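Remarks on the structure that follows.
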């Protein structure tokens with residue numbers, strides 16, 4: 001019997017995005033999260049006497065700022081060397097030969113596969129053969145798997161590959177290949193990397209993305225870690241996800257329907273946050289709060305979004321290791337504008353004109369050159385919206401909706417309504 005750990009997309013020393021801009025954010029914890037998650041991986045391997053570790057690309061996040069990143073990694077490899085644990089690595093698009101120019105001598109328990117051609121490494125003592133090839137450049141568009149050698153029937157064969165397969169949303173189409181391409185090699189296990197969400201692609205043979213080791217922003221929610229594989233008599237008997245992250249990202253939904261007072265909203269938000277805390281079981285939580293529902297205080301929420309955000313941040317701080325990354329104001333009006341201001345008034349006509357504003361994508365895109373200047377003139381409430389002024393076309397429709405809601409809320413306030 002032998003066991004191995006399959007990990008990928010570690011992105012050592014990559015900054016976690018979305019929290020460092022806040023004065024009260026756990027900056028040291030954020031900056032060190034990828035290192036501590038990697039230390040968890042190493043400690044687990046040593047404690048459980050794993051035979052070897054596979055790293056399927058993107059160990060690094062591009063070129064190192066200084067040599068400390070490489071020194072940290074070598075120290076961790078030294079710990080594994082002392083424990084008799086081997087490590088096999090292929091580089092991916094972020095740590096390709098052309099991306100990481102600094103180097104550091106590696107202990108002899110570490111094998112970094114060549115980017116020039118596929119290699120096959122034998123572990124005769126446990127009957128394993130590992131096949132792999134690193135990236136030579138960031139954008140690899142050729143089918144690397146097609147050049148891997150066929151399986152050796154005398155060994156348990158593992159393919160180590162950084163790939164998007166036939167494509168995955170949110171990930172560049174690098175080293176593309178099909179499941180049939182992989183199966184044709186006759187390997188027993190394909191250790192893939194590049195996709196940051198854990199995915200079991202197939203079980204005969206096993207083809208698996210372990211996901212990244214530590215979530216780095218709000219789009220990488222949920223548990224993160226590595227996959228532990230147990231092999232007995234040449235057959236895989238167990239494939240187990242192990243959580244190793246140290247800071248967990250989550251989207252927290254607070255339903256505010258029927259909340260008629262500030263106190264009711266505070267309580268609903270606190271309850272929603274407490275539910276998320278219970279799920280992570282003691283981990284530090286980086287949380288995005290999303291407000292929803294037909295709320296009687298809808299206009300108040302949108303008119304004073306910055307103040308509400310700070311108050312919600314205070315609720316999070318009072319709950320312990322919870323850090324509010326952002327608040328998304330997605331509530332609806334409980335009553336129509338006509339019911340609020342009347343059907344035949346000057347204010348109602350203005351509000352209806354604002355509500356009916358529709359800008360197609362082309363019209364909005366023509367505004368892009370002016371957005372940087374516009375940003376310096378808009379009220380703080382708009383600047384707090386989720387990077388809507390970053391002039392990304394996919395955000396422009398959201399900008400339109402945010403502008404409309406803010407204008408309506410302000411008009412209602414100045415029209416004498418709360």
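The numbers here are math on the coordinates, done by the rules we state, and not lab data. From a predicted model like this one, the values you see are computed outputs, not experimental measurements. Please note: Cβ atoms are built from the backbone with ideal geometry, for glycine as well, and neighbour counts cover all protein chains shown.
Side notes on the structure shown:
- Rg and Dmax [Cα atoms of the range 112-155; Å; Rg one decimal, Dmax integer]: 12.0, 37
- Using equal-weight Cα scatterers in the Debye expression, the normalised intensity of the range 153-289 in log10 at q = 0.10, 0.15, 0.17, 0.20 Å⁻¹ is -0.48, -0.82, -0.95, -1.13.
- Translational diffusion of the range 1-111, µm² s⁻¹ [Kirkwood Rh, Cα pairs; Stokes-Einstein; 37 °C; 0.692 mPa s]: 222
- Sorted by Cβ neighbour density within 10 Å, fewest at the top, the residues 298, 171, 151: 171, 151, 298
- Reference-scaled alpha-carbon Rg (2.2 N^0.38 Å with N residues) for the range 224-270: 2.26
- Once the mean of 1/r is taken over each pair of separate Cα atoms and inverted, the range 95-224 shows a Kirkwood hydrodynamic radius of 15.7 Å.
- Of 13, 66, the sequence from fewest to most neighbouring Cβ atoms within 10 angstrom is 66, 13.
- Inter-site label distance for residue 202 and residue 82 at 7 Å from Cα along Cβ, in nm: 4.2
- Reduced Cα scattering model of the range 54-161, Debye log10 I(q)/I(0), q = 0.18 Å⁻¹: -0.92
- Least to most buried among 1, 129 (fewest other Cβ within 10 Å first): 1, 129
- Summarising the label geometry, the points placed 7 Å from Cα in the beta-carbon direction at residue 66 and residue 253 lie 4.6 nm from one another.
- Entry for the range 2-243 at q = 0.09, 0.10, 0.11, 0.13 Å⁻¹: log10 I(q)/I(0) = -0.35, -0.43, -0.52, -0.74, Debye formula applied to identical alpha-carbon scatterers, no solvent contribution.
- Potential lengthening of the chain between residue 154 and residue 219 amounts to 19.1 nm, from the contour at 0.36 nm per residue minus the alpha-carbon distance.
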